Amino acid sequence: MLFGQSVFQSVLERLKAEDETAEDVEAPTAHRVSGLGTGLAFDVMTFDVMEGVSARSQRVGQAYFDNLDLDPAAAIAEEPAAAPPPEPVMPDHLARIAPEEIAAELAIAATDTQQTLNEKRRAFAKANHPDGVAEPFRDNANRRMMIANLLIDEAMRRLPPS
């Protein structure tokens with residue numbers, strides 16, 4: 001507390017004193033905003049700011065096209081029609097869904113360890129995961145992944161305990 005007043009009260013009194021001194025000074029013709037170092041660039045009473053601006057350029061985004069001398073509708077009409085995407089082609093390996101064919105791809109041997117079986121699972125998933133193929137072939141990829149996981153899990157169950 002300064003001189004029996006709180007800090008808040010002393011700040012309020014100082015602001016009041018500044019306002020009183022500002023009222024005593026004659027205001028210039030250019031309008032000023034308290035706290036800004038410069039005056040406003042237009043006459044507040046007449047709003048002459050928008051003179052010479054067309055109503056067309058006041059629309060959002062239209063001023064950009066007005067300055068470029070382009071017709072946005074013509075630009076849209078001139079765009080060539082996009083060709084439809086080509087039909088996806090199924091990779092050959094997705095056609096092999098028999099367990100024997102998948103087992104041959106995995107090449108699981110009696111000498112495989114848990115680490116080598118995990119590596120085979122990751123490599124197989126990288127090439128065959130349903131999320132990595134086109135929509136029409138996801139059923140085949142899903143079936144291949146289920147069979148491969150089943151074969152690898154079975155081989156892991158047969159491993160001697162470590």
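Every number here is computed from the coordinates shown, using simple stated rules; none is lab data. These numbers come from a predicted model, not from an experiment. A quick note on method: Cβ atoms are made from the backbone with ideal geometry, for glycine too, and the neighbour counts reach across all protein chains shown.
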Inset, instruction - Would you calculate the separation in nanometres between label points at Ala81 and Ala109, each defined as 7 Å from the Cα along the Cα-to-beta-carbon direction? - result: 5.8 nm
Legend entry - Phi-based couplings in Hz for the stretch 91-101 (Karplus 6.51, -1.76, 1.60; Gly and Pro marked x): x, 4, 5, 6, 7, 8, 10, 6, x, 5, 5
Inset, instruction - Could I have the simple spin-label model distance between Met156 and Glu135, label points 7 Å from Cα toward Cβ, reported in nm to one decimal? - result: 3.3 nm
Legend entry - Residues with amide H under 5 Å from that of Met90, placed H, sequence gap 5 or more: none
